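Note sheet for the following structure.
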Amino acid sequence: GGIVVPIGVIQSAIGGSQIEAWISNVTLQQCSNESLHGGSIPDNSGALFYGMVAPFANYSSRGFIWYQGENNAYGAAGNVVTDDGYGCEVAHLVKEWRRTWGNGGDDDVGQQQQQEQEEEED
């Protein structure tokens, strides 16, 4: 019957990583107030982008799922308008990944996680 379309899932994940590790160095320079320490990757500057995202650039892709944020919760929230902090970085990550796979991003899904903080007892 119908059209046969192969479907696959590529999981590129490192628990405890920060967003800075998933963005190329060139793209990361577009935002100020990066958090280049902590997380599971000591030098977050592009390490996972070059090792776990860029190698798949020649694959066909219709979208991606972004599920991260807990390890950036204590950094600058920022925004894309002022080009600072996590808000700037996540916007540029999405643009860069869309460029990497040449898609318009209609099928991209994002999920921002927040660090849970324990309440202080009186």
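So here's what we get for this one:
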| quantity | calculated |
| --- | --- |
| Unique residue being open to solvent by 40 Å² or more (accessible area, probe 1.4 Å), touching a strand residue (DSSP E or B) at 6+ places or on another chain (Cβ under 6 Å) and modelled with pLDDT of 80 or more when the list is Tyr59, Tyr50, Tyr67 | Tyr67 |
| For Glu20: the one exception among (1) among the charged types (D, E, K, R); (2) crowded, with 20+ Cβ neighbours inside 10 Å; (3) modelled with pLDDT under 85 | (3) |
| Selection count where residues are among the charged types (D, E, K, R) and farther than 30 Å from Gly85 by Cβ, scope region 1-21 | 0 |
| Filtered residue count, region 77-112, keeping only those that are open to solvent by 40 Å² or more (accessible area, probe 1.4 Å), modelled with pLDDT under 75 and touching a helix residue (DSSP H, G or I) at 6+ places or on another chain (Cβ under 8 Å) | 3 |
| Every residue from region 23-38 that is at pLDDT below 80 and either of a type in the set (Lys, Arg) or under 18 Å from Gly87 (Cα atoms) (or both) | Asn33, Glu34, Ser35, Leu36, His37 |
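The values are calculated or read from the model by the stated rules, or taken from the named source; none is laboratory data. Just so it is clear, the structure is predicted and the values come from calculations on it, not from any experiment. Virtual Cβ from ideal backbone geometry, glycine too; neighbours counted across all protein chains shown. Side chains are part of the model used for accessible areas, which takes the heavy atoms of the whole protein and leaves out ligands, DNA and RNA. Shrake-Rupley method; radii C 1.70, N 1.55, O 1.52, S 1.80 Å.
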